[in-house]
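J.: Got a structure for you, written out below as structure tokens; questions coming shortly.
The values are calculated or read from the model by the stated rules, or taken from the named source; none is laboratory data. Nothing here was measured: the structure is a model prediction, and the numbers come from that model. For neighbour counting, all protein chains shown are included, and Cβ atoms are generated from backbone atoms with ideal geometry for every residue, glycine included.
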Amino acid sequence: MKAVCVFCGSSRGARPEYEAAAARLGQAIARSGRTLVYGGGRVGLMGVLGDAAMAAGGRVIGVTPRRLVEKEVAHHGLTELRVVESMHARKAMMAELSDAFIAMPGGVGTFEEFFEVLTWSQLGFHSKPCGLLNVAGYYDPMLAFLDHAVEQGFVRAEHRAIVLTDTEPTALLDRLSAFDMPIVPKWIDRAST
């Protein structure tokens, strides 16, 4: 696991714990000798994450669409800032550059990015681990919803188990590094078609 992609908010959120966790995660990735790949923003948790990794001597690659560069929210103090033409291209490049994915607290964009790479994992398009940094219980409702989806027969328990969670950045990095992706075929319920 040489590069870790982090999805997180372009806002700092309502609790100081979110900002502190972003700084700890950026530092932990840098100190482990891994590259941080993220959305390339200088605002919100993204900015805190990128700044912390850079300050700890890490290599940081930001990937951002040209439109956000034009809005002056791109972080130009990174090791590398890759500018792409669309959000689709951004996500594809971030996935290509990364060996694992972490979602920190964030909004709809963070959820969408995380669930896309999780879906790719479930479908066997990649075998890269996916984790949630569950700061101050932020992801508790989402985890409960995933458990509900298992109970209702829409998500297999084996697929639910590939969502790794922890409350501490270093512990989550360790879990991602040690994770072996199970081979679980995706099924189609032919009785319902």
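Here's the yes/no breakdown for (1) hydroxyl-bearing (S, T, Y); (2) more than 15 Å from L133 (Cα to Cα); (3) outside any helix (DSSP H, G or I):
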position: A14; (1), (2), (3): no, yes, yes
position: L25; (1), (2), (3): no, no, no
position: L49; (1), (2), (3): no, no, no
position: R67; (1), (2), (3): no, yes, no
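J.: Quick one: in the range 37-57, which of the residues that are in contact with a Gly (Cβ under 6 Å, 6 or more places away or on another chain) and of a type in the set (A, V, I, L, M) is surrounded by the fewest Cβ atoms within 10 Å (Cβ to Cβ)?
T.: A52
J.: If F101 passes every condition in (1) touching a Cys at 6+ places or on another chain (Cβ under 6 Å); (2) over 27 Å from L68 (Cβ atoms); (3) not polar (S, T, N, Q) but one, which one does it miss?
T.: So the condition that F101 fails would be (2).
J.: Also, quick follow-up: Return yes or no: is R82 more than 20 Å from M104 (Cα to Cα), touching a residue at least 12 places away in the same chain (Cβ under 8 Å) and in contact with a strand residue (DSSP E or B) (Cβ under 6 Å, 6 or more places away or on another chain)?
T.: Working: more than 20 Å from M104 (Cα to Cα): yes; touching a residue at least 12 places away in the same chain (Cβ under 8 Å): yes; in contact with a strand residue (DSSP E or B) (Cβ under 6 Å, 6 or more places away or on another chain): yes.
Here the answer is yes, as R82 does meet what is asked.
Yes/no matrix, rows are residues, columns are (1) at pLDDT below 95; (2) farther than 15 Å from F7 by Cα; (3) of a type outside the set (F, W, Y); (4) outside any strand (DSSP E or B):
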{"residue": "V83", "(1), (2), (3), (4)": "no, yes, yes, no"}
{"residue": "A92", "(1), (2), (3), (4)": "no, no, yes, yes"}
{"residue": "E96", "(1), (2), (3), (4)": "no, no, yes, yes"}
{"residue": "F101", "(1), (2), (3), (4)": "no, no, no, no"}
{"residue": "G109", "(1), (2), (3), (4)": "no, no, yes, yes"}
{"residue": "F114", "(1), (2), (3), (4)": "no, no, no, yes"}
{"residue": "V117", "(1), (2), (3), (4)": "no, no, yes, yes"}
{"residue": "S127", "(1), (2), (3), (4)": "yes, yes, yes, yes"}
{"residue": "G131", "(1), (2), (3), (4)": "no, no, yes, no"}
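J.: How many of the residues making up the range 1-18 are out of contact with any strand residue (DSSP E or B) (no Cβ under 6 Å at 6 or more places or on another chain), surrounded by 20 or more Cβ atoms within 10 Å (Cβ to Cβ) and closer than 13 Å to P169 by Cα?
T.: From the range 1-18, those out of contact with any strand residue (DSSP E or B) (no Cβ under 6 Å at 6 or more places or on another chain) are 2, 8-9, 11-18; that's our starting set.
Those left that are additionally surrounded by 20 or more Cβ atoms within 10 Å (Cβ to Cβ): 8-9, 13, 18.
Those still in the list that are closer than 13 Å to P169 by Cα too: 18.
Within the range 1-18, residues that are out of contact with any strand residue (DSSP E or B) (no Cβ under 6 Å at 6 or more places or on another chain), surrounded by 20 or more Cβ atoms within 10 Å (Cβ to Cβ) and closer than 13 Å to P169 by Cα number 1.
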